[in-house]
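So the structure is just underneath, and the comments pick up after that.
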Amino acid sequence: MNIPFVLDIAIGLIFVYLILSLLASEIQELITTVLQWRAEHLKKSIEVLLGGKEESKQTREARQLANELYNHPLIKDLNQEAKGVLARGIRQVGQTLFAAYQKLTKSENTFGSEKSGPSYIPPDFFAVTLMDKLGIRGLSHVLSIGRIEDFKQGQLKDLIVLGKSAKLSENEYQIFQEELTACGQALDQLVLEYAKEEITLSMFVDLMEERLVLFVEELEVALAQAGQLPDSAASLLRRIQGIRKQVYGEAGKQVLLKNLKPRPSDVVDSISSYREVYGELQKIFEDKDSPVYQQIEATFKELEKAKELLPDSLKESLSVLAKRAQSKSDGVGDEINSFQQEIETWFNGSMERASGVYRRNARGVAILVGFLVAISANSDTLHIINSLSKDPIVRGTVTMNAESLVRQNPTIAAQELEQVKTQVKQSLEDVSLPIGWNQANLRQQAIAQKGWGIPYLKRIVGWLISGIAISMGASFWFDLLSKVVNVRNVGKGSYSRLDEPPNRRV
């Protein structure tokens, strides 16, 4: 047995595996699409991520939260509905088969009230949706509003204390109170603008400083207009300026921003203890009819719903991610955005592990589909090898078509096999492969079966080998076919010379 002969048999066998692998891939993709395995596996993986693996109250909470996430517009829009009458009809047939499969297996609908779900969710979509459903950004903003309101009131109280201790005359103190009232109203407007997110926290602090400077200037002018500026009033103005420099200096402003901005861990902890946090905010805001307080009240009503969706395991995970985000920040930057990025990384890592599980499950299904395809096509590897070794015409035809296929497609990606499928179909018109349930093939298999003792044992072994080979995938066999054909062509000249009789060699 010479090397070209062995290579020709290998090429023929690989060519058969390639053909059947293409068929098996189509069948598996159809099953995957109809039964929505990818989408279902993704949803269950998210439920595990949110609530753990064990069936418990946390799992039920995680399933409920996952359903809420899937109802969010960002994720819901990923599940694109089919367009056109034909496409909608095909989708409806698929959903009907999926419903029948669930009824047959007595499994509950993974997608809750929906009939289907997306098979892929970008990490940033998941993070934004989770934070939105748990009210993390809204709660962070509300906590910040409470802190700046408390800071504003503290500033005004400090000014009142300074005014009372300045030993101003009755007229001067009245002027001081009038200017302070105007300043307080302006600061109230700043808090409202921040609550409406018309200005940022950094802008709010800068505007607070500007308003304090303006207060000093207007107070000085008003006192001067009332008469000669007394030493007591001048001393008051200097002390107010000293407070401004201390609080709003470069270092002081950094500390102030850090204190006014709630950290992600504070926000996560506040979800569980939202009643206590709400009670503290109620004490800060005296005017319960103000637009700012109404906004806070609405936020905490939503938070009460979010609290019911938060499993304990998820709270622990979010706490860890929040602390990690804080450790990477200097406390002045936007830690909530860093927290979102940590959630994205966490989700991405979990989905990579889930993909590994899905690939392992898909491999098992691929072996089963491959075995069924091998039986359906009567693809007996042992018989194929025997036929190719005895029939030079079939062997040569298969080799020629395989070389033509490789020559027309020198390199091709795993996901770009459509052209190969077309060319393989054309090749099958010229090649009579030793597969199928025709009488000639069955007669040859029966003859080869002699000596194996147990009936059909050899055929079953051949099917099993073919099934495992088919499960390797079309891209694997096409890549291997290219390499074997190249090896055969490279060594063709030298092999032919070695096969010549000794007296003809040079």
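Identify all aspartates and glutamates with a Cα-Cα distance to Lys261 below 13 Å; exclude those on the same chain that are fewer than 8 residues away in sequence. Hits, sequence-local ones excluded: Glu149, Asp150, Asp330, Asp334, Glu335. For region 298-308, backbone phi angles converted through the Karplus equation (6.51, -1.76, 1.60; θ = phi - 60°) give residue-by-residue couplings of 5, 5, 6, 5, 5, 5, 4, 6, 5, 4, 6 Hz, Gly and Pro being listed as x.
Remark: the Cα gyration tensor places region 303-388 in the prolate category, a/c being 1.5 or greater and a/b exceeding b/c.
3J(HN,Hα) along region 270-283: 5, 5, 6, 9, 5, 5, 5, 5, 4, x, 5, 5, 4, 5 Hz, from the Karplus curve 6.51 cos²θ - 1.76 cosθ + 1.60 with θ = phi - 60°, whole Hz, x for Gly and Pro. Beyond 26 Å in Cα-Cα separation lie the following of the pairs Lys253/Lys288; Lys305/Lys328; Lys157/Lys323; Lys152/Lys305; Lys258/Lys283; Lys43/Lys301: Lys253/Lys288; Lys305/Lys328; Lys157/Lys323; Lys152/Lys305; Lys43/Lys301. The phi torsions of region 176-189, fed into the Karplus equation with coefficients 6.51, -1.76 and 1.60 and a -60° offset, translate into couplings of 4, 5, 5, 5, 5, 4, 4, 5, x, 5, 5, 5, 4, 5 Hz, rounded to whole numbers, with Gly and Pro shown as x.
Fully extending the segment from Asp289 to Val461, taken as 0.36 nm per residue of separation minus the present Cα-Cα distance, adds 53.7 nm.
Can you give me the distance in nm between label points at Glu316 and Ile393, each placed 7 Å from the Cα along the Cα-to-Cβ direction? About 7.3 nm separates the two model spin labels. Diffusion of region 222-366 by Stokes-Einstein, at 37 °C in a medium of 0.692 mPa s and with Rh set to the Kirkwood radius over alpha-carbon pairs, works out to 164 µm²/s. Between Lys164 and Thr200, the C-beta separation translates, for a Förster distance of 25 Å, into a calculated FRET efficiency of about 0.15. The loop-placed GluC sites (Glu not before Pro) in region 181-267, going by DSSP, that have at most 12 neighbouring Cβ atoms within 10 Å of their Cβ come out as Glu197, Glu198.
No lab work stands behind these numbers, since they all come straight from the coordinates. Worth saying up front: this structure is predicted, and the values here are computed from it rather than measured. Neighbour counts are summed over all protein chains in view; Cβ atoms, including those assigned to glycine, are modelled from backbone coordinates with ideal geometry.
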